[in-house]
1. Within the stretch 261-275, track down each residue that is assigned to a helix (DSSP H, G or I) and more than 13 Å from ligand 2 (Cβ to nearest atom).
2. Which of the residues spanning the stretch 256-281 are without any contact (Cβ under 8 Å) to a residue 40 or more places away in the chain and buried (at least 18 other Cβ atoms within 10 Å of the Cβ)?
3. Within the stretch 2-36, can you find the residues that are in a loop (DSSP other than H, G, I, E, B) and either within 16 Å of ligand 1 (Cβ to nearest atom) or in contact with a helix residue (DSSP H, G or I) (Cβ under 7 Å, 6 or more places away or on another chain) (or both)?
4. Checking the condition in the same structural domain as residue 369 (by TED's automatic domain parsing) and at pLDDT 95 or above, which residue from 319, 280 passes?
5. Tell me whether the stretch 55-64 contains one or more residues that are in contact with a strand residue (DSSP E or B) (Cβ under 8 Å, 6 or more places away or on another chain) and surrounded by fewer than 22 Cβ atoms within 10 Å (Cβ to Cβ).
6. Tell me the residue from 298, 285, 339 that is near ligand 1 (Cβ under 9 Å from one of its atoms), at pLDDT 95 or above and in the same structural domain as residue 377 (by TED's automatic domain parsing), please.
7. Which members of the stretch 282-304 meet the condition of being within 14 Å of residue 329 (Cα to Cα) and touching a residue at least 40 places away in the same chain (Cβ under 8 Å)?
8. Report whether or not residue 193 is assigned by TED's automatic domain parsing to the domain that holds residue 143, in a loop (DSSP other than H, G, I, E, B) and more than 22 Å from the chain's Cα centre (by Cα).
Ligand SMILES: Nc1ncnc2c1ncn2[C@@H]1O[C@H](COP(=O)(O)OP(=O)(O)OP(=O)(O)O)[C@@H](O)[C@H]1O
Ligand SMILES: O=C(O)[C@@H](O)C(=O)CO
């Protein structure tokens, strides 16, 4: 294994696995596998890039650090020369963590400073300019992300936001420097490192900027960012002759299907609305879930009864609905109840023969996929930017799409089921 990724959630992991498998042109990436948690065994020697999906975005910072360092040790044991810490392209975190503490701990373990921190993902409309993060034409804190149920993002100046989480000062490489190319970027990173700054926010607006940043990162043991920070990394290994460049190769899989949505993002709510028009849908009564009157069997039986018609069960609510439930029951309790419900439902579905499963939301996907215990996932075709087809191994393989909350076109759910079937 040449390149290892530590991703702080499951959808984010498949997002960057997709980037690494695609490479620069779509068909010249690394042979990539996504692991659900830290594997207990050694990697298949044919794997060039291994992506470890943790569920560490919204847990206590100390625990996120511990898990990330354990993931780092496993990746280094597999021979990785470069490690990427993947976090959300909307920099999802609270002032109490976890991006800063995890990135600083990884940097210390690898003995590096002046480490790239760049969440930009231009393909999904996330860009960084003058240290500020934009979602399409809005600053982060006016983009809807200020209402996120777990990580409300209330400051678009990610240098300032990150500094709340770090021990050392946060540096910045501005757009003018990025546009001068890899040599200038690398020099600016070194200068920041020499000043004692562990993490350096790097501006990026286009895939071209990210390719240049990726070139500058060749030889850096640690890189941090959103999935697009990996755009140029596969090419570095392929051009140096270390990697073969085989790219995404998992085929689709037909069979019974279901869709689960726990994300409350604007994009997911729109996708739910579109799907509701001509497919069977179940709006999960979240208060009932917390109170224990709505159970996984109710959700699973709805989905199984409606098999063959792309059925969807969702908890997705408006910011007002989310807030009301959180005030009534407490944020953690709502999240834990829903995680448990989705996890149990997914296990029932797969046991009953579901072979194509679409899940919306990072936390929700983490809960589902951890419960399913699927082992390593191969990477297939891209459904929409940042969301590939994933295929588990074993005797009864499952094809999955794990959609980050804000990703995907309005017709994502129906399209994803088609792509999972290889159509
Ligand atoms: N109706 C609801 N009311 C309150 N909380 C909810 C409701 N539905 C879902 N949630 C909670 O909202 C959170 C959604 O997080 P999740 O990561 O799944 O989606 P997301 O944040 O949109 O996706 P991503 O992390 O990929 O951007 C979960 O913790 C879930 O339990
Ligand atoms: O970077 C993103 O936006 C996604 O991969 C993600 O991490 C959302 O959970």
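The values are calculated or read from the model by the stated rules, or taken from the named source; none is laboratory data. Values in this document were obtained by computation on a predicted structure and should not be read as measured data. Virtual Cβ from ideal backbone geometry, glycine too; neighbours counted across all protein chains shown.
1. 266, 269, 270, 271, 272, 273, 274, 275, listed by residue number.
2. Within the stretch 256-281, just 281 meets the criteria.
3. Scanning the stretch 2-36 gives 2, 8, 9, 23, 24, 28, 29, 30.
4. Every option except 280 fails the conditions.
5. Yes, the stretch 55-64 contains a residue that is in contact with a strand residue (DSSP E or B) (Cβ under 8 Å, 6 or more places away or on another chain) and surrounded by fewer than 22 Cβ atoms within 10 Å (Cβ to Cβ).
6. Going through 298, 285, 339 in turn, just one is near ligand 1 (Cβ under 9 Å from one of its atoms), at pLDDT 95 or above and in the same structural domain as residue 377 (by TED's automatic domain parsing): 339.
7. Residues satisfying the conditions are 286, 287, 289, 290.
8. no
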